[in-house]
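Worksheet: one structure, shown below.
Each reported figure results from applying straightforward, stated rules to the coordinates on display, with no laboratory input. Predicted model, so just to flag it, every value in this text is computed and none were measured. Glycine also receives a Cβ, built like all others from the backbone with ideal geometry; neighbour counts cover every protein chain displayed.
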Amino acid sequence: MKTYDKSISRLQAAKQHLAGGVASSLRASMKPVPLYAESAKGARIRDVDGNEYIDYLLAYGPLILGHSHDGLNASVNQAMHSGYAFGLQHDGEIELANLLAQVLPCADKVSLSGSGTEAVMLALRLSRAFTGKTKIVRFHGHYHGWSDSIFTSFPSSGMSQQASEAEASRVPPGTFGQSANSLEDIILLPWNDPAALESLLRSRGDEIAAVITEPVMCNSGCIQPLPGYLELIRKLTEEQQIVMIMDEVITGFRLGLGGAHERFGILPDLVVIGKAMGGGIAISAVAGKAEIMQLVDDGKVSHLGTLNGNCISTAAAIATISHLAQDNGAVYGRMEELFNGFADGIRSLLGKHGIAGVVNQIGPVMHMMFIDAAEVNDFDTFNQRDSARYARFAELMLEEGVLLRPNGLWYISTAHHKRDIEETLDAMDRALARMRS
Ligand code: PMP
């Protein structure tokens, strides 16, 4: 049995002056205790009690190259010796912008920020300024950061596919303290529902500035778009002069060098990237069409941030992207193959133990859930999963030396190898046997 005594006492100590004991609210939910990390390298992480884990949390997604990657370390180290941030311009910004324009099909121009939340805020602002309209359409089950203007909560029973427009417009705030009118310009729709989208966009297109969507619903079940659905968003938004924003904070540099928009062959007007872009160092960006980004050139749309484009972040992003781009992005094929096999391995283990579950996987991101359903392709079905059972499973996996996000979303990195996957499947075999007993 592993013990977590030092993490438990660290959490107590942290709570004295650190609100909540954790730096991001979500982290408090980890069982049996929010772990304290000591060090990490590649696919492995150690906690302060000396327990070692194969890591599939990967800091909630950014660590596409794994922990403490030697090449990334060298680049950041080198940058650091010339200064951290100048508040002046520097060559790293030009190099990164050129690199993004080269690898992202949607990127005529980019603007750099520090987090996904901030970049989404800029994308929304650009959309309103460009169209002169105010409403933003977003989807049930998607996440676009925690800013007041877009953060919502999702009741466990989702909206039906036939949600009326009145229902669609009732948007529940995501937290106490959020102003009641901060979401009045948001229209919430069920995702993967072409009829609901078509009816709304055709009837209210003249009020709508943007439709923002995750290209794959990674935040709720890793659900893929129905064939033709992203194309429909593209077609209708074009028709109605609405900006199409693809939120690729998870999928960017994860589903391929050109993100999901390259993979699915859709050209949105704006794309938001973050997480994997910096390999674990804070950076994000909005990338998009020249005529929209022009609003920043003209100074009509303000885009601010003290540490935007700082030397450490730009060096990290250049190093991460350059590493991923080697050999024409061959590393993506390897990750894909590894995770395809992994997902199949998990499905066989669920079968072997007679446990009902679904694994949705695309490239190096996957959602595993305990649910009695043949497939999970919409948010309502996703909500029927047994979350408590999964949390128990994640706890058992921790004891077996595997670190998982308690909600079911798994990430891998270029540092994960076949032996890590095999070790994980063995661990899972034991954990699932314990769940049955
Ligand atoms: N958009 C998506 C799709 C995300 O998954 C996240 C974070 N999980 C964000 C935006 C917000 O990014 P950040 O946490 O860097 O603010």
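Dipole size in debye (nearest 20) for segment 70-324 around its Cα centre, Lys and Arg Cβ +1, Asp and Glu Cβ -1?
With only Lys, Arg, Asp and Glu charged at Cβ, the dipole is about 220 debye.
Quick check of the Kirkwood formula: for the chain, what is the inverse mean of 1/r over all pairs of different Cα atoms, in Å?
Over the chain, the inverse of the mean reciprocal pair distance is 22.5 Å.
When the Kirkwood radius is taken over all Cα pairs of segment 247-382, what Stokes-Einstein diffusion coefficient follows at 37 °C and 0.692 mPa s, in µm²/s?
188
Please report, for the Cα atoms of segment 56-158, the Rg to one decimal and the Dmax as a whole number; what are they, in angstrom?
That works out to 17.8, 53 Å for Rg and Dmax.
Looking at segment 70-324, send over the antiparallel percent of its DSSP beta bridges, to the nearest 5.
Here the share of antiparallel DSSP bridges comes out near 40 percent.
If the only charges are +1 at each Lys and Arg Cβ and -1 at each Asp and Glu Cβ, what is the size of the charge dipole of the chain around the Cα centre, to the nearest 20 debye?
So the magnitude is around 900 debye.
Over the residues of segment 363-432, compute the C-alpha Rg and express it relative to 2.2 N^0.38 Å.
Numbers: Rg = 12.9 Å, N = 70, 2.2 N^0.38 = 11.1 Å.
My calculation over the Cα atoms of segment 363-432 gives 1.16.
Checking the table K31/K352; K6/K275; K109/K275; K235/K289 against a 22 Å threshold on Cα-Cα, which pairs fail?
On the way: K31/K352 26 Å; K6/K275 29 Å; K109/K275 19 Å; K235/K289 16 Å.
Check vs 22 Å cut-off fails for K31/K352; K6/K275.
If you scale each eigenvalue of the Cα gyration tensor by 5 and take the root, what three semi-axes come out for segment 70-324, rounded to whole angstrom and sorted largest first?
Semi-axes, largest first: 32, 18, 18 Å.
As an exercise, use a Förster radius of 41 Å and the Cβ-Cβ distance of E198 and K31 to find the FRET efficiency, rounded to the nearest 0.05.
0.45
From the square roots a ≥ b ≥ c of the eigenvalues of the alpha-carbon gyration tensor of segment 246-303, which class results: rounded (a/c under 1.5), prolate (a/b over b/c), or oblate?
Numbers: a/c = 3.39, a/b = 1.41, b/c = 2.41.
Judged from the Cα gyration tensor, segment 246-303 comes out oblate (a/c at least 1.5, b/c at or above a/b).
Gain in length, D91 to S153, computed as 0.36 nm per residue apart minus the alpha-carbon separation, to one decimal in nm?
Between D91 and S153, full extension yields 18.2 nm more.
With the dipole of segment 70-324 worked out from charges on the C-beta (+1 for Lys and Arg, -1 for Asp and Glu) around the Cα centre, which of A180, G259, I212 lies farthest toward the positive end?
Most positive-ward Cα: A180.
Determine the percent antiparallel among the DSSP beta bridges restricted to the chain, to the nearest 5.
Percent antiparallel among DSSP bridges in the chain is about 60.
Put +1 on the Cβ of every Lys and Arg and -1 on every Asp and Glu Cβ in segment 298-427; which of A343, S322, G333 then has its Cα farthest towards the positive end of the dipole?
So the residue furthest toward the plus end is S322.
For N181 and L267, FRET efficiency with R0 = 30 Å and r from the beta-carbon atoms, rounded to 0.05?
Calculated transfer efficiency: 0.30.
So which helices of the chain fit the span-like rule, where a helix is a whole DSSP H run, its Cα atoms reach 30 Å or more along the axis, and its mean Kyte-Doolittle is at least 0.0?
Going by DSSP H runs, the hits are 311-352.
Can you give the longest run of the chain that contains no GluC sites (Glu not before Pro) sitting in a DSSP loop with at most 16 other Cβ atoms inside 10 Å? Before the final figure, lay out the partial values.
Numbers: sites that count: E184, E375.
The longest uninterrupted stretch comes out as 185-374.
Toward the positive end of the charge dipole of the chain, about the Cα centre and with charges on Cβ (Lys, Arg +1; Asp, Glu -1), which of I312, L96, V110 goes farthest?
Farthest towards the positive pole: I312.
Which residue, A196, A276, A287, has the most motion in a Gaussian network model of the chain that connects Cα atoms within less than 10 Å?
A196
Say R0 is 30 Å: what FRET efficiency, to the nearest 0.05, do M80 and S24 get from their beta-carbon distance?
Approximately 0.75, to the nearest 0.05.
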